[in-house]
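So the structure is just underneath, and the comments pick up after that.
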Amino acid sequence: MTDIKIQIESKSVLTMATIYFPKEFVKEINDYIDKTTIPKNKDYAHLLVGQIRQDKRSAQLDFPMDTEFGKKFKNVIENCATKLLTDGFKRKLTAKAYECWTVHSFSGDYNLLHDHGVENNSTPIGMSSILYLKVPEAIKEKSKTLVDKDGFLKLDHNNASGDVDGFTQLIWGVTSRKEMLDLKHPTAEYIFPEEGKMLIFPHWLFHLVTPFFEEGERRTLSANFSCRGLPNEGQIS
């Protein structure tokens, strides 16, 4: 029996991008937020589900993209999102950021499970992003014990460990622990927050942020993108 052939396939259910920005650019973004976004103090909380209210500095604020730096940042993230569409999804589409906001979280703040919509329902295709800009030192320290040499998380949810305090969880399905023993793939993942790391994903992806109780600010910046292209918009090329 020498003519037997075996081909093993794994069908993907989620395509997303992880981008790492250099420290210099992260500093530029934080400086812009400190000098422009925070003083302007344009509240964005009424449009969001985040429970960001435990500290007098807790806030969800509009991030202006119509200034010189705002336009620069907008161009960078649009290029990243468009690359995900063209290289990851093989779609002839262009991503345009239509809204952007910062989240300033402190001890006890958290974000409920939610997904994102699209711009005025004008296109069915949308993307969203999360960029980590500041991470409390106690959460950073977890990387020494929770992240292995390949960058994968080693989590223990037993013994009330608090391992995932302040983490982002992505959820694209429901798979129980027993079903994983039955060879079903996991349908959720915890993301370790790292300064300068940005996630870009389809707008329908459910996600949440667990509360944390460490000192310091957990600062993120989120954006939503509308995706449009040629007459064959959304078709696989």
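Odds and ends about this structure:
- Number of the condition not met by Lys5 [criteria: (1) open to solvent by 40 Å² or more (accessible area, probe 1.4 Å); (2) in contact with a helix residue (DSSP H, G or I) (Cβ under 6 Å, 6 or more places away or on another chain)]: (2)
- Considered as a group, the residues in segment 193-223 that are assigned to a strand (DSSP E or B) and among the aromatic types (Phe, Trp, Tyr) include one that is farthest from Tyr110 (Cα to Cα), and that residue is Phe201.
- Scanning segment 45-75 for residues that are over 19 Å from Leu112 (Cα atoms) and either open to solvent by less than 40 Å² (accessible area, probe 1.4 Å) or part of a strand (DSSP E or B) (or both) turns up Asp62, Phe63, Pro64, Met65, Phe69, Gly70, Phe73.
- Close Cβ contacts (under 9 Å, 6 or more residues apart or on different chains) running from residues in segment 179-192 that are over 16 Å from Pro211 (Cα atoms) and in a helix (DSSP H, G or I) to residues that are modelled with pLDDT of 80 or more and of a type outside the set (S, T, N, Q) comprise Met180/Pro186.
- Qualifying residue in segment 17-40 (condition: closer than 25 Å to Val209 by Cα, touching a Cys at 6+ places or on another chain (Cβ under 8 Å) and either hydroxyl-bearing (Ser, Thr, Tyr) or open to solvent by less than 90 Å² (accessible area, probe 1.4 Å) (or both)): yes
- The lone exception for Lys11 - which of (1) within 30 Å of Asn79 (Cβ to Cβ); (2) touching a residue at least 60 places away in the same chain (Cβ under 8 Å) it fails: (2)
- Of all the numbered requirements in (1) among the aliphatic types (A, V, I, L, M); (2) within 24 Å of His114 (Cα to Cα); (3) out of contact with any Leu (no Cβ under 6 Å at 6 or more places or on another chain), Leu85 misses one, and that requirement is (3).
- Some residue of segment 79-89 being in a loop (DSSP other than H, G, I, E, B), surrounded by 13 or more Cβ atoms within 10 Å (Cβ to Cβ) and modelled with pLDDT under 95: yes
- Ser107 vs. criteria at pLDDT 95 or above and part of a loop (DSSP other than H, G, I, E, B): yes
- Selection within segment 171-206 - of a type outside the set (A, V, I, L, M), touching a helix residue (DSSP H, G or I) at 6+ places or on another chain (Cβ under 8 Å) and open to solvent by less than 30 Å² (accessible area, probe 1.4 Å): Phe192, Pro193, Gly196
- Selection status of Thr94, farther than 27 Å from Leu113 by Cα, in contact with a Cys (Cβ under 8 Å, 6 or more places away or on another chain) and polar (S, T, N, Q): yes
The values are calculated or read from the model by the stated rules, or taken from the named source; none is laboratory data. As the structure is a computational prediction, the values presented were derived from the model and not from experiment. Heads up, the Cβs are rebuilt from the backbone with ideal geometry, glycines too, and the neighbour counts pull from every protein chain shown. We work out accessible area using only protein heavy atoms, side chains counted, and drop any ligands, DNA or RNA first. Shrake-Rupley method; radii C 1.70, N 1.55, O 1.52, S 1.80 Å.
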